[in-house]
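Structure, as structure tokens:
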Amino acid sequence: MRDVAIIGAGMIPFGRRDEDTLMDMLAYASLKALDDAGLGDKSVDAVYVGNMGAGMLQHQSAIASSLVDRLNLLPAAAETVENGPASGGSAVKNGLLAVASGYYDYVLVVGGEKMREVTGWRATDFVATMTHPQAEYPYGITLPGMAGMFTRLYMEKYGVTREHLLAISLKNQEMGTLNPYAHVEMALDRDGIFDSPHAIVNNPVSADPLHLYDLCPVSDGAAAIILCPLEMAKKLTKPPVLIAGFGQATDTQTLQERDDPTDLKAVTLAAQKAFEMAKLKPGDIHVAELHDAFTILEIAESEHVGFFKKGEGGKAATAGKTRLGGQIPINLSGGLKARGHPVGATGVAQVVDIVYQLRHELPKNRQVQKAENGLTVNFGGFGNNVLAFVLRRVQL
Amino acid sequence: MKKEIAITAYKCKKCGKLHYPYHDRCLACKSREFEQIKPQGNAKLLTYTAIFNLPWGFDQRFLLIGVAEFENKIKAMGQIKADSVDQLKVGMKVKPSWEPIRVQYGEDVYGLKFEPIP
């Protein structure tokens, strides 16, 4: 197996992009990554597109084939990778394995989703199609609903409070104001969404006990990276970032069939595999992008990957340990909570944000000084298909 | 007319593990032989939520949904017949029934409903 480096990264601002088609967004992000890699007019050997919903939302299939045509990456191999909200992470994994195997040298991985094309009512249904088709979906369960039931159990077992969840909302939306690619660029006022008697108007219950500002937005967006063997990357001008570790694990589709529904086993296993491959420990990570589709998930994942003991993640967040300058800065991009969550794009966008961190390219108010190692966690379904990547800055 | 609860759970003939929904191989021992089991008696509410942002197909203000465990240990999701989450508590007893849970293409779709037992 060859060491694989990320030599180019790019993304477009997430949000509501009525003016762009899904293919526009995939093309713009891809071109940014190609340019960032300095590949100019050169082609790539293969293209992996992470996307969950083009078939349902745009009535469009085989989008990878369309993309290589549009970008004139012909005759590159191309395919779409669908794995729910972990589609982006799965696309990165496919690109990684293709280069590591020695079969391809240059690979474009791009993730994208256009969700605002349909009403919120339809988008909620679209995301809910990943639930069990007989035992869950017909009841009207939604992913926020799954998260609500999970949160209730997590609160009872580990003493997580709304105050802990609030710390995630405040931090991530504050970071979103500093990220030009973020969907939500609005800092939250604690009084307005939590302390004031009117807070329930500004921040109503969405999926009890979760409130509106515990949830990520529904977004359009795309992000892309270019991969190649590390040995070839050393000839390029920008510092390459090594994919030092990767792990993926699955769990039961329904929460009720897990021995302990608060135990996100797939997160733990995916992270353990990634750390093992990278020969690193959670304490060696300097910055992380975790899948905070709901505030509870940032807390739970920060515990399951090993940054904090079970029951300590919420307290760590309120103590500022996950802010810039803290013990382990998490979601300095704003996370899904503020950067947004175009489902197929998210896993790639997390990697792009960590690449920027490890290349030390971000402004001081978002950059972890001297960051060498980063972690991403891309959470599919309700924790039933999870990918983790450990990235490392390469010293040339 | 009261309808029978039309879900079936599957008990592994080798190790006894209960499954709902169906799996082709046991989640514990990977055996492929199962005995069909029907849920029995009342149930205990394990967790719940009130969803206010509903998916397409649900034209109502909010929906109460939970997971409950029947007396013979089968666990399943269902809608909850209550006015608000204030009437619910983890661990409370609920009475199961098989009722319309949504309308699709003009037809009632039946499923589990749980009603709190005072």
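The values are calculated or read from the model by the stated rules, or taken from the named source; none is laboratory data. Keep in mind that what you see is a predicted model, and the values were worked out from it rather than measured. Methodologically, a virtual Cβ is constructed for each residue, glycine included, from the backbone with ideal geometry; neighbour enumeration extends over all protein chains shown. For the accessible areas, the whole protein counts, side chains as well, though only heavy atoms, and no ligand, DNA or RNA atoms are used. Shrake-Rupley method; radii C 1.70, N 1.55, O 1.52, S 1.80 Å.
Is the shape of region A:59-104 rounded, prolate or oblate, going by the alpha carbon gyration tensor and its root eigenvalues a ≥ b ≥ c, with a/c under 1.5 for rounded and a/b larger than b/c for prolate?
Since a/c reaches 1.5 but b/c is at least a/b, the shape of region A:59-104 is classed as oblate.
Per the helix-only calculation at 222 nm, which mean residue ellipticity applies to chain A, given -39500 (n - 2.57) for every DSSP H run of n ≥ 4 and division by its residues, nearest 500 deg cm²/dmol?
One gets -10000 deg cm²/dmol as the mean residue ellipticity at 222 nm.
Heavy-atom accessible area of residue B:83 with all protein chains present, probe 1.4 Å, nearest 10 Å²?
Accessible area, nearest 10 Å²: 120 Å².
Determine the gain in length on full extension of the stretch residue A:31-residue A:69; use 0.36 nm per residue of separation and subtract their C-alpha separation, reporting nm with one decimal. List each step's numbers first, then the result.
Numbers: separation 38, 0.36 × 38 = 13.68 nm, distance 1.33 nm.
Stretched fully, the residue A:31-residue A:69 segment lengthens by 12.4 nm.
With the dipole of the protein assembly as shown worked out from charges on the C-beta (+1 for Lys and Arg, -1 for Asp and Glu) around the Cα centre, which of A:103, A:261, A:119 lies farthest toward the positive end?
So the residue we want is A:261.
Of the residues A:365, A:378, A:331, which exhibits the maximal mean-square fluctuation in a Gaussian network model of chain A defined by a 10 Å Cα contact cut-off?
A:365
Based on alpha-carbon centroids, what's the gap between region A:306-345 and region A:225-265 in Å, whole number please?
Cα centroid to Cα centroid, the span is 17 Å.
Relative to the Cα centre, what is the charge dipole magnitude of chain A, using +1 at the beta carbon of each Lys and Arg, -1 at the beta carbon of each Asp and Glu, and rounding to the nearest 20 debye?
1040
Which of A:206, A:313, A:186 sits farthest toward the positive end of the charge dipole of chain A, with +1 on the Cβ of Lys and Arg and -1 on the Cβ of Asp and Glu?
A:313
Taking the alpha-carbon centroid of each part, what is the distance from region B:26-53 to region B:69-108 in angstrom?
Cα centres, region B:26-53 to region B:69-108: 13 Å.
Using 0.36 nm times the number of residues separating residue A:200 and residue A:59, minus their current alpha carbon distance, what extension gain do you get?
Additional length available on full extension: 47.0 nm.
From the protein chains alone at 1.4 Å, what is the descending order of accessible area for B:89, A:234, A:279, largest first?
Numbers: B:89 140, A:234 90, A:279 175 Å².
Putting B:89, A:234, A:279 in descending order of accessible area: A:279, B:89, A:234.
Taking H placed 1.01 Å from N in the peptide plane, check which residues at least 5 places from residue A:80 or on another chain put their amide H under 5 Å from its amide H.
Here A:49, A:64 satisfy the definition.
Percent of accessible area on region A:1-73 owned by carbon and sulfur, 1.4 Å probe? If you can, show how the numbers build up before the last one.
On the way: 1400 of 3040 Å².
Roughly 46 percent of what the probe reaches on region A:1-73 is carbon or sulfur.
Calculated FRET efficiency, residue A:177 and residue B:83, Cβ-Cβ r, R0 30 Å, to nearest 0.05?
0.15
Using the Cα gyration tensor of region B:40-116, with a ≥ b ≥ c the square roots of its eigenvalues, what is the shape: rounded (a/c below 1.5), prolate (a/b larger than b/c) or oblate (neither)?
On the way: a/c = 2.41, a/b = 1.40, b/c = 1.73.
Verdict is oblate for region B:40-116.
Specify the residue with the greatest mean-square fluctuation among A:230, A:97, A:22, computed from a Gaussian network of chain A linking alpha-carbon atoms under 10 Å apart.
Answer for the Gaussian network model of chain A: A:97.
Rounded, prolate or oblate: which one fits chain A, using the alpha carbon gyration tensor with axes a ≥ b ≥ c (rounded when a/c is under 1.5, else prolate when a/b beats b/c, else oblate)?
It comes out prolate by the Cα gyration axes.
At a threshold of 8 angstrom on Cα-Cα distance, excluding pairs fewer than six apart, so keeping six or more, what relative contact order does chain B reach in percent? Spell out each step's value before the answer.
Details: 254 pairs, mean separation 27.1, N = 118.
With pairs under 8 Å counted, the relative contact order is 23 percent.
Whole number in Å², please: accessible area per residue of the protein assembly as shown, 1.4 Å probe, ligands, DNA and RNA not counted.
40
May I ask what percent, to the nearest 5, of DSSP beta bridges between residues of region A:253-396 are antiparallel?
On the way: 8 of 12 bridges.
Antiparallel bridges make up about 65 percent of those DSSP assigns within region A:253-396.
Apply the Karplus curve 6.51 cos²θ - 1.76 cosθ + 1.60, θ = phi - 60°, to the phi angles in region A:283-291 and return the couplings in whole Hz, x for Gly and Pro.
Coupling constants for region A:283-291: x, 8, 7, 9, 7, 9, 10, 9, 7 Hz.
Out of A:27, A:132, A:58, whose Cα points farthest toward the positive end of the dipole of the protein assembly as shown (charges: +1 Lys, Arg; -1 Asp, Glu; placed on Cβ)?
In the protein assembly as shown, that residue is A:132.
Residue A:341's amide H: which non-local residues (gap 5+, or another chain) put their own amide H closer than 5 Å, with H modeled 1.01 Å from N in plane and none for Pro or chain starts?
Counting only residues 5 or more places away or on other chains, the set is A:219.
By how many nm would the segment from residue B:61 to residue B:95 lengthen if fully extended, with 0.36 nm per residue of separation less the alpha-carbon distance? Write out the running numbers ahead of the final one.
Details: separation 34, 0.36 × 34 = 12.24 nm, distance 2.35 nm.
Full extension of this stretch gives 9.9 nm more.
Nearest 100 Å² is fine: what is the total accessible surface buried where chains B and A meet, probe 1.4 Å?
About 2800 Å² of accessible surface is lost on pairing.
Calculate, for residue A:234 and residue A:101, the FRET efficiency according to 1/(1 + (r/R0)^6) with r their C-beta to C-beta distance and R0 35 Å; round to the nearest 0.05.
Computed FRET efficiency for residue A:234 and residue A:101 comes out at 0.95.
With θ taken as phi - 60° and the coefficients 6.51, -1.76 and 1.60, list the Karplus ³J(HN,Hα) couplings across region B:32-47 in order, rounded to whole Hz; mark glycine and proline as x.
10, 9, 10, 9, 7, 10, 9, x, 10, x, 7, 9, 10, 6, 8, 7
Quick one: 3J(HN,Hα) in Hz for region A:371-381, Karplus 6.51/-1.76/1.60 with θ = phi - 60°, rounded, Gly and Pro as x.
5, 10, 10, x, 10, 10, 10, 10, 10, x, x
For the residue pair residue A:310 and residue B:32, what label-to-label distance in nm results when each label sits 7 Å from Cα along the Cα-to-beta-carbon direction?
My value for the distance between the label points is 3.5 nm.
Residue B:110's amide H: which non-local residues (gap 5+, or another chain) put their own amide H closer than 5 Å, with H modeled 1.01 Å from N in plane and none for Pro or chain starts?
Close amide H contacts, sequence-distant or interchain: B:101.
Calculate how many DSSP beta bridges within region B:40-116 are antiparallel, expressed in % of all such bridges and rounded to the nearest 5.
Approximately 95 percent, going by the DSSP bridge assignments.
Would you mind checking B:17/B:38; B:2/B:75; A:157/B:14; A:265/B:95; A:309/A:337; A:273/B:17 for any pair whose Cα atoms are more than 26 angstrom apart?
Flagged as over cut-off: A:157/B:14; A:265/B:95; A:273/B:17.
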